[in-house]
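**Student:** My questions all concern the structure below.
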Amino acid sequence: MTPRVRPTCDPTCAVCGLVPLITRLKGTTRVVARSAAMQSLLKRAARFAASDAPVVVLGETGTGKEVVARVLHANSARSRQAFVAVNVAALPAELLESELFGHGKGSFTGASAARPGLFEAADGGTLFLDEIGEMPHGFQAKLLRALQDGEIRRVGENAPFVVDVRVVCATHRDLAERVRAGLFREDLYYRLRVLTLEVPPLRERPEDVLALAEHFLADERAPVVGFTDAAKARLQQHPWPGNVRELQNVVKHGAALATGPAVDACDLPDGLTRPPAPHCVAPGTEAHKTLAEVEREHILRVLDACGGSQSEAARVLGVARNTLWRKLRSP
Ligand SMILES: Nc1ncnc2c1ncn2[C@@H]1O[C@H](COP(=O)(O)OP(=O)(O)OP(=O)(O)O)[C@@H](O)[C@H]1O
Ligand SMILES: [Mg+2]
């Protein structure tokens with residue numbers, strides 16, 4: 001194996017010893033890790049980066065499992081080779097084998113030419129198997145074999161060949177639970193769980209919330225700088241069931257709606273802002289309308305969309321035509 005390669009221009013983090021940058025097609029991203037929990041995770045990842053053994057990254061949805069997988073790759077001796085990501089859950093069981101291992105010419109109807117699989121595409125680099133918990137049981141034995149022997153066989157071909165691939169897997173599932181339920185092979189589970197990294201949910205690392213929010217805001221084109229204190233308080237209070245991805249979307253929403261120099265609490269999505277801050281609500285805006293006013297406006301919008309046809313509008317609104325007529329007549 002070639003020695004560990006690190007770009008000289010990117011300083012390594014004094015805490016975790018990693019270059020906290022990941023590369024994607026659309027550019028390079030800095031990994032935010034202000035909390036002690038994330039820093040200790042990255043320290044562990046730094047040790048794993050030097051190894052070639054498979055790693056399983058666990059964590060709730062949107063916590064940053066793929067980010068961690070990319071950090072592992074970027075800090076390994078494989079960093080100059082490909083990082084190939086595949087979502088196992090998105091592929092039908094019949095296609096999984098040929099996608100991962102490739103297929104020979106004529107191996108099935110429509111296979112007019114031989115095609116290399118993703119293991120080959122990742123040769124020398126890292127193959128990231130996302131949602132490994134959803135991998136069909138029948139295929140798990142084949143993956144285990146590939147991991148143990150380092151060799152694969154294209155569908156429809158006899159000769160196996162060697163690939164040099166580091167496999168990193170991720171799942172939001174409890175794999176031990178899936179083993180107990182008979183959905184995940186025990187032998188594969190033990191092969192994978194040697195090196196594990198568990199990304200904590202965002203609610204357990206509140207120190208990361210504002211740092212991540214500022215980071216995502218800097219990516220937006222909107223001419224806003226930072227968040228008001230009220231917005232910061234809302235961001236800190238929210239439990240983030242969708243974790244970092246949810247926060248990213250909330251920041252996008254805030255940046256798109258902001259009219260002032262900074263994102264305010266009232267620019268954040270409704271689910272996040274329980275009672276809207278009084279200073280955000282100008283008289284005559286949506287929050288000051290009566291139910292009857294909101295209803296009437298909605299009826300008029302639907303009527304307009306239906307080209308003025310009352311019977312069509314009544315059908316869309318799910319009310320009788322008489323009811324619609326009565327509502328339109330009332331002041
Ligand atoms: N620590 C971080 N620093 C910067 N960006 C992050 C960080 N963690 C997550 N992100 C960003 O949040 C989004 C979600 O991260 P990612 O796709 O890695 O999560 P995931 O755990 O793989 O999600 P899923 O369970 O849905 O597959 C991505 O856009 C990613 O770039
Ligand atoms: Mg993912």
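The values are calculated or read from the model by the stated rules, or taken from the named source; none is laboratory data. In this text the structure is predicted, and so the values were computed from the model without any measurement. Because the Cβ atoms are built from the backbone with ideal geometry, glycine has one as well, and the counts that use them run over all protein chains shown.
**Student:** Restricting segment 187-222 to residues that are touching a Leu at 6+ places or on another chain (Cβ under 9 Å) and charged (D, E, K, R), which is nearest to PRO239 (Cα to Cα)?
**Tutor:** Going through the qualifying residues, I end up with ASP208.
**Student:** Now for a different question. Regarding segment 170-178, can at least one residue be identified that is surrounded by 15 or more Cβ atoms within 10 Å (Cβ to Cβ), within 15 Å of ligand 1 (Cβ to nearest atom) and in a strand (DSSP E or B)?
**Tutor:** Yes: one or more hits.
**Student:** Residues in segment 74-81: is at least one within 24 Å of ARG245 (Cβ to Cβ), within 15 Å of ligand 2 (Cβ to nearest atom), touching a residue at least 12 places away in the same chain (Cβ under 8 Å) and of a type in the set (S, T, N, Q)?
**Tutor:** The answer is no; no qualifying residue exists.
**Student:** Being among the charged types (D, E, K, R), within 19 Å of PHE161 (Cα to Cα), assigned by TED's automatic domain parsing to the domain that holds ARG185 and exposed (fewer than 14 other Cβ atoms within 10 Å of the Cβ) narrows it down to one residue among LYS105, LYS142; which is it?
**Tutor:** Result: LYS105 is the single residue among LYS105, LYS142 that is among the charged types (D, E, K, R), within 19 Å of PHE161 (Cα to Cα), assigned by TED's automatic domain parsing to the domain that holds ARG185 and exposed (fewer than 14 other Cβ atoms within 10 Å of the Cβ).
**Student:** For segment 105-162, which residues satisfy the criterion of being charged (D, E, K, R) and under 16 Å from VAL55 (Cβ atoms)?
**Tutor:** ASP130, GLU131, listed by residue number.
**Student:** Spot the failing condition for SER40; the list is (1) in a helix (DSSP H, G or I); (2) among the small types (Gly, Ala, Ser); (3) closer than 20 Å to HIS172 by Cβ, and only one is missed.
**Tutor:** The one condition SER40 does not meet is (3).
**Student:** Could you list, in sequence order, all residues of segment 60-101 that are part of a helix (DSSP H, G or I) and away from ligand 1 (no atom under 16 Å from the Cβ)?
**Tutor:** Listed by number, the residues that qualify are ALA93, GLU94, LEU95, LEU96, GLU97, SER98, GLU99, LEU100, PHE101.
**Student:** Show the residue pairs that are 6+ apart or on different chains and have beta-carbon atoms under 9 Å apart, the first residue being within segment 109-130 and on the phi > 0 side of the Ramachandran plot, the second being of a type outside the set (D, E, K, R).
**Tutor:** Listed pairs, sorted by first residue: GLY124/GLN81; GLY124/ALA82; GLY124/VAL163; GLY124/VAL165.
**Student:** Which one is surrounded by the most Cβ atoms within 10 Å (Cβ to Cβ) among residues in segment 47-59 that are in a loop (DSSP other than H, G, I, E, B), in contact (Cβ under 8 Å) with a residue 60 or more places away in the chain and more than 11 Å from ligand 2 (Cβ to nearest atom)?
**Tutor:** Taking segment 47-59 as the starting set, the residues that turn out to be in a loop (DSSP other than H, G, I, E, B) are 50-54, 59.
If we keep only those that are in contact (Cβ under 8 Å) with a residue 60 or more places away in the chain as well, we get 51-54, 59.
So of that shortlist, the ones also more than 11 Å from ligand 2 (Cβ to nearest atom) come out as 51-54.
Details: SER51: 13, ASP52: 16, ALA53: 12, PRO54: 22.
The selected residue is PRO54.
**Student:** Looking at the structure I just gave you, is THR273 among the polar types (S, T, N, Q), outside any loop (DSSP other than H, G, I, E, B) and modelled with pLDDT under 90?
**Tutor:** No: the conditions fail for THR273.
**Student:** Among the residues that make up segment 104-119, is at least one of them under 21 Å from VAL84 (Cα atoms), within 16 Å of ligand 1 (Cβ to nearest atom) and either under 21 Å from the mean Cα position of the chain (by Cα) or part of a loop (DSSP other than H, G, I, E, B) (or both)?
**Tutor:** no
**Student:** It is to be established whether one or more residues within segment 194-209 are away from ligand 2 (no atom under 16 Å from the Cβ) and without any contact (Cβ under 8 Å) to a residue 24 or more places away in the chain.
**Tutor:** no
**Student:** Any residue at all in segment 142-159 that's modelled with pLDDT of 90 or more, within 16 Å of ligand 2 (Cβ to nearest atom), not in a loop (DSSP other than H, G, I, E, B) and not β-branched (Val, Ile, Thr)?
**Tutor:** No: segment 142-159 contains no residue that is modelled with pLDDT of 90 or more, within 16 Å of ligand 2 (Cβ to nearest atom), not in a loop (DSSP other than H, G, I, E, B) and not β-branched (Val, Ile, Thr).
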